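One structure below.
The values are calculated or read from the model by the stated rules, or taken from the named source; none is laboratory data. Remember, it's a predicted structure, so these values are computed and weren't measured experimentally. So basically every Cβ, Gly included, is an ideal-geometry build from the backbone, and we count neighbours across all protein chains shown. Just so you know, the surface numbers come from the protein's heavy atoms only, side chains and all, with ligands and any DNA or RNA stripped out. Shrake-Rupley method; radii C 1.70, N 1.55, O 1.52, S 1.80 Å.
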Amino acid sequence: AASMVKVSRDADASASSARRVLDHVREGESAVNAAHEGMARIDAAVGETAAKMRLLDKRSREVFEVIDFIQEIASQSELLSLNAAIQAAHAGEAGRGFSVVADEIRRLAERSRKATRDVSGIVEGIIEEIRAAIEAMGIALSEVLAERELSDRARGALGEIGELVDDSATRASQISFASQEQAQQEDGGGDGL
């Protein structure tokens, strides 16, 4: 009977330990679920940001089209100023005012050409930074996906551990109950002799 009581107490202690382990497993499972949900949000945010960066890349290319158009206007303006200067030279003294206008058009064309080169350089820098950001986001997205996969596996493992610990606690409780019954029968049977 004493042996059965000891077995019963040990089984109770084992069941109690198993329940505490199960509580910790559930806490871990909750933390893994929260991390998984956080990674899903990061995944969505990174994907959305990458889409916006690709749109910026596209818009930058449109800026280059406008720059090309402005450069074309600058080239035409330079040609126009050259023609105006030639006509002013042919007109002699009467074309002097026309010559001043031709010089102003030429200077304006030169400034336009320089401004478009400057803007082109800035936009090219922006495009490079956008591409680098898109590449970095692609790497981050791969990492997030890998981490989500790991958290899925961890969730599955914790779920299985929880089931096993729960089963172990149930069995330990059953052993404890059976031991208590047997100990009581032993005590009761011994008194009858």
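Taking 22 Å as R0, compute the FRET efficiency from the Cβ-Cβ separation of Val66 and Asp118 and round it to 0.05.
0.95
Once you order the gyration tensor axes a ≥ b ≥ c over the Cα atoms, which shape class does the range 46-146 get: rounded for a/c under 1.5, otherwise prolate or oblate by comparing a/b with b/c?
Note, shape of the range 46-146 comes out prolate.
How far apart, in nm, are two points set 7 Å out from the Cα along the Cα-to-Cβ line at Ala31 and at Val5?
If labels sit at Ala31 and Val5, their model points lie 4.1 nm apart.
Applying 1/(1 + (r/R0)^6) with R0 = 41 Å to the Cβ-Cβ distance of Leu80 and Ala146, what FRET efficiency is obtained, to the nearest 0.05?
0.10
Within a Cβ distance under 15 Å of Val66, other residues only, what is the Lys/Arg minus Asp/Glu net charge?
-1
Any idea how far the Cα center of the range 80-98 sits from the one of the range 1-75, in Å?
A separation of 72 Å, based on Cα centres.
Quick one: among Ala40, Ala89, Ala18, which has the greatest mean-square fluctuation in a GNM of the chain with alpha-carbon springs under 10 angstrom?
Greatest mean-square fluctuation among the candidates belongs to Ala89.
For the range 1-84, what is the accessible area per residue in Å², given a 1.4 Å probe and the full set of protein chains?
Here the residues of the range 1-84 average 66 Å² of exposed surface.
Taking the chain as a Gaussian network, where each spring joins two C-alpha atoms under 10 Å apart, which residue of Val46, Val100, Val119 fluctuates the most?
Ranking Val46, Val100, Val119 by mean-square fluctuation puts Val100 first.
Let me check I've understood the local charge: for Glu48, count other residues with C-beta under 13 angstrom from its C-beta, Lys and Arg +1, Asp and Glu -1. What total comes out?
+2
So I have (1) 41.3, 148; (2) 25.8, 95; (3) 15.9, 49, and one of them is Rg and Dmax of the Cα atoms in Å calculated from this model. Which one is it?
Evaluating Rg and Dmax of the Cα atoms in Å on these atoms matches (1).
In whole Hz and in residue order, list the ³J(HN,Hα) couplings for the range 111-119 that follow from phi through the Karplus curve 6.51 cos²θ - 1.76 cosθ + 1.60, θ = phi - 60°; x for Gly and Pro.
5, 4, 4, 5, 5, 5, 5, 4, 5
Counting Lys and Arg as +1 and Asp and Glu as -1, what is the net charge of the other residues whose Cβ lies under 14 Å from the Cβ of Ala157?
Once positives and negatives cancel, what remains is -2.
Positive end of the charge dipole of the chain (Lys, Arg +1 and Asp, Glu -1 on Cβ, about the Cα centre): tell me which of Ala89, Leu22, Gln180 has its Cα farthest that way.
Ala89
How much of the accessible area of the range 1-151, probe 1.4 Å, is carbon plus sulfur, in whole percent?
Using a 1.4 Å probe with all protein chains present, the range 1-151 comes out at 60 percent carbon and sulfur.
For the Cα atoms of the chain, what angle does the longest principal axis make with the long axis of helix 2-91, in degrees from 0 to 90, nearest 10?
Helix 2-91 sits at roughly 0 degrees to that axis.
Using a basic spin-label model with each label point 7 Å from the Cα along Cα→Cβ, how many nm lie between Glu104 and Asp23?
Inter-label distance under the simple model: 8.8 nm.
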